[in-house]
1. How charged is the neighbourhood of Ala105? Take every other residue with its Cβ under 14 Å from the Cβ of Ala105, and add Lys/Arg as +1 and Asp/Glu as -1.
2. On a full-extension model of 0.36 nm per residue, what is the gain between Ala334 and Asp349, subtracting their alpha-carbon distance, rounded to one decimal in nm?
3. Viscosity 1.306 mPa s, temperature 10 °C: Stokes-Einstein D of the chain from its Kirkwood Cα radius, in µm² per second?
4. If you rank Trp44, Trp209 by how much accessible surface each has, with a 1.4 Å probe, what is the order from largest down?
5. Compare the Cα positions of Ala87, Leu318, Cys53 along the charge dipole of the chain (+1 at Cβ of Lys, Arg; -1 at Cβ of Asp, Glu; about the Cα centre) and return the one farthest towards the positive end.
6. Computing the accessible area with a 1.4 Å probe over protein heavy atoms, can you report the carbon and sulfur percentage for the chain?
7. Keeping every protein chain present and rolling a 1.4 Å probe, give me the accessible area per residue for the stretch 46-116 in Å².
8. Under the classification rounded if a/c is under 1.5, otherwise prolate if a/b is larger than b/c and oblate if not, where does the stretch 76-156 fall, given a ≥ b ≥ c as square roots of the Cα gyration tensor eigenvalues?
Amino acid sequence: MLVAVGDTHKRLRNVAISLVSITKSKPEFLNDIERIAVQILNSWKDKQQVMFCEEARKFSFNVIIKQVLGLTSEEPETGKILEDFLAFMRGLVSIPLYIPGTPYARAVQARSRISSRVKAIIEERRSRNGRSCGVRNDFLEILLSVDTLSEDEKVSFVLDSLLGGYETTSLLMAMVVHLLGQSPAASEQLKLEHEQIRSSKERDEFLNWEDYKKMGFTQNVINEALRYGNIVKFVHRKALKDVKFRDHLIPSGWKVLPVFTAVHLDSSVHADALQFHPWRWEAQDQTCKKFTPFGGGSRCCPGSELAKIEIAFFLHHLLQNFRWTAEDVDQPMAYPYVEFGKGLLINLDRCSI
Ligand code: HEM
């Protein structure tokens, strides 16, 4: 989808947008996210330290694989897809010369294995639905009934969703945890917001869409981490015809890289741009062109809301169960993709609730 243009892009995009709008407020989707968050946090029970980036990746992969293919972390298929998916990602940015043993060749092989697995799941679903064994609530179930996409496009769509929803979301989670660790005032206010929401519910009651809508300060923290952390720094464009932009002419065929970081960290656009200050979003418009963490226009990220819900729900349980400090200074670095070099090792302190 990232490389498709014209009508193909439009067809894929329409499906993506309708999938997200159907799914995002569904209780099944929201409950799955929460269940996976609680499962990860329960696994920290006897730990004093965790590599947060690893845990965040586990979380975002388990959420997206459940959402897209209906698979849980316990199913053996999930582990195999994850292994192939990681090989696929390692070869994604590499010289596209098929030489056996190179990351590119491994990525091509891994993609073909994922494709066979997804096709097998599709086949199994078709035969099961024929026997009317109940309907699942995942993307694949909806995709099966879409007749504007070919079989290969459906497989490709599954891969796009995994790719789009995995690394970016987990990195943003790590960024939020890293930045909150350095801002006790923001952590305290956030904790209060989530305690208030929890106090209006039964102890083990699931969060719902109305609860999510009450997480105003959480949204501010996530927006600020997006602005300050710049998970996606730039996007790729190509001028398909001569484009006049202010006093410049961009000739047809030229590549253009709109660099979001340059705007997000410009103090003439965002006051004190080099400060992490979530409160700025109380007054600032989040939909303005000066804030584009999810891109813009006809390629704007269709998964933005899903990513935010995941992070908000994870924070809800994290804040009520743990306090944390970073073990070491582990500044995120962009090379060119943002990474925590040491995996963001954090010390945990269990809160009494
Ligand atoms: C923090 C999380 C995320 C960030 C920062 C992010 C950022 C972006 C950006 C900047 C683009 C635009 C790319 C371009 O213009 O060339 C994009 C596109 C896309 N994203 Fe996301 N994304 C996130 C989460 C997700 C999630 C959770 C999903 C899927 C469930 C997803 C799926 C996609 C897809 C399929 C596209 C291609 C859209 C198109 O070409 O029309 N993203 N994302």
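1. Net charge in that neighbourhood comes out at +3.
2. Fully extending the segment from Ala334 to Asp349 adds 2.4 nm.
3. Value of D from the Cα-based Kirkwood radius: 73 µm²/s.
4. Largest to smallest exposure gives the sequence Trp209, Trp44.
5. Ranked along the dipole, the leading option is Ala87.
6. About 55 percent, which is the carbon plus sulfur part of the accessible surface.
7. It amounts to 53 Å² per residue over the stretch 46-116.
8. Because a/c hits 1.5 or more and a/b exceeds b/c, the stretch 76-156 counts as prolate.
The values are calculated or read from the model by the stated rules, or taken from the named source; none is laboratory data. Nothing here was measured: the structure is a model prediction, and the numbers come from that model. Positions of Cβ are generated from backbone atoms using ideal geometry, with glycine treated the same way; all protein chains shown enter the neighbour counts. Surface accessibility is based on the protein's heavy atoms, side chains included, excluding ligands, DNA and RNA. Shrake-Rupley method; radii C 1.70, N 1.55, O 1.52, S 1.80 Å.
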